[in-house]
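The values are calculated or read from the model by the stated rules, or taken from the named source; none is laboratory data. Not measured: the values here are computed from a predicted model. Cβ atoms come from the backbone with ideal geometry, glycine included; neighbour counts cover every protein chain shown. The protein model used for the area step is the full one, side chains on, heavy atoms only, and it has no ligands, DNA or RNA in it. Shrake-Rupley method; radii C 1.70, N 1.55, O 1.52, S 1.80 Å.
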Amino acid sequence: MRLVLLGPPGSGKGTLSGTLTKEFQSVHISTGDIFREHQQNHTEFGRQISYYIDRGHFVPDKIVLNIIGEYLFNRVGKKGFIFDGFPRDIAQAEAFEALLAEMGIALDAVVSLDIPVEVAVQRLVQRRVCPQCKSVYHLTNRPPKKMGVCDFDGCELVHRHDDHEDVIAARIEEYRSKTAPLTNFYKERSLLRSFDGSGEPERISSAVISELRKLVAPAQ
Ligand code: AP5
Ligand code: MG
Ligand code: ZN
């Protein structure tokens, strides 16, 4: 299965990816996670991109596309994948389409999660993440078993630098002006599958999985 997850900040892309990667044995590629790993490791690249991320702006397309090209050719190859947070604007979507064509592969679907802005903000201010395994928690909706600690590896959970209200507002505006037009881009290609992202995580993942299974089910 070759998927793209689309949706505003806090719509649940990372949370859904956890279930879908297990279900479809696909490689999960989150550009946000890749960038944060560089920031955590204090690489020169991490320093450069922090300028954009910490202000809630997109990292320039050229930088993103270099990274994606490397991942696609060297790490993904012919395997299934779930891109989470990429592509994020029309230029990235067009470049991605060209890269896939060059590799002789195609997307199966683009899953779009829709949520109201106030739900996104409430989710992001209370989100905590594991810097090690990238598991996502929420202080009220999905608390870890032991407060402040990852259920899977015992790492101390962190509050993302960009999960503060002023930065969240900038991220939502970037999404509205640059990423939202991708829904039409993928609708025109008959790839878009839209879901309400505001229900229970388990209900959302079941709805998405049953829709995606239809794509791989043999014709009746
Ligand atoms: P990125 O890390 O991709 O952030 P994002 O797109 O803003 O999305 P989030 O990770 O904030 O939200 P999510 O949809 O994954 O929600 P989650 O599952 O965590 O990008 C960060 C930055 O990197 C960008 O701002 C940009 O600067 C840069 N960047 C990345 N990719 C780029 C690109 N391609 N081009 C340019 N720049 C790029 O859930 C959120 C919270 O809600 C959690 O606490 C979770 O527990 C909870 N939750 C999830 N689902 C539910 C549910 N159904 N019910 C209740 N709570 C839920
Ligand atoms: Mg995420
Ligand atoms: Zn962890």
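Every residue, every condition in (1) touching an Asp or Glu at 6+ places or on another chain (Cβ under 8 Å); (2) of a type outside the set (Asp, Glu); (3) at pLDDT 95 or above, yes or no:
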| residue | (1), (2), (3) |
| --- | --- |
| ASP108 | no, no, yes |
| GLU118 | no, no, no |
| GLN122 | no, yes, no |
| CYS130 | yes, yes, yes |
| SER135 | yes, yes, no |
| ASN141 | no, yes, no |
Inside segment 141-165, the number of residues satisfying the requirement of being more than 14 Å from ligand 1 (Cβ to nearest atom) and not in a loop (DSSP other than H, G, I, E, B) is 2
Scan THR19, THR31 and give me the residue that is hydroxyl-bearing (Ser, Thr, Tyr) and closer than 16 Å to VAL208 by Cα. THR19
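Is there a residue in segment 197-215 that is under 21 Å from PHE58 (Cα atoms) and open to solvent by 40 Å² or more (accessible area, probe 1.4 Å)?
Of the residues in segment 197-215, the ones under 21 Å from PHE58 (Cα atoms) are none.
There is no residue in segment 197-215 that is under 21 Å from PHE58 (Cα atoms) and open to solvent by 40 Å² or more (accessible area, probe 1.4 Å).
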Helices (runs of 4 or more DSSP H) within segment 1-63 that include 1 or more residues under 26 Å from LEU191 (Cα atoms) and open to solvent by 30 Å² or more (accessible area, probe 1.4 Å): 13-24, 31-40
Can you tell me which condition LEU99 does not meet? The list is (1) closer than 22 Å to GLU188 by Cβ; (2) within 18 Å of the chain's Cα centre (by Cα); (3) open to solvent by less than 60 Å² (accessible area, probe 1.4 Å), and all the others hold. (2)
Collect the residues in segment 103-140 that are outside any loop (DSSP other than H, G, I, E, B) and of a type in the set (Ser, Thr, Tyr), keeping them in residue-number order. SER112, TYR137
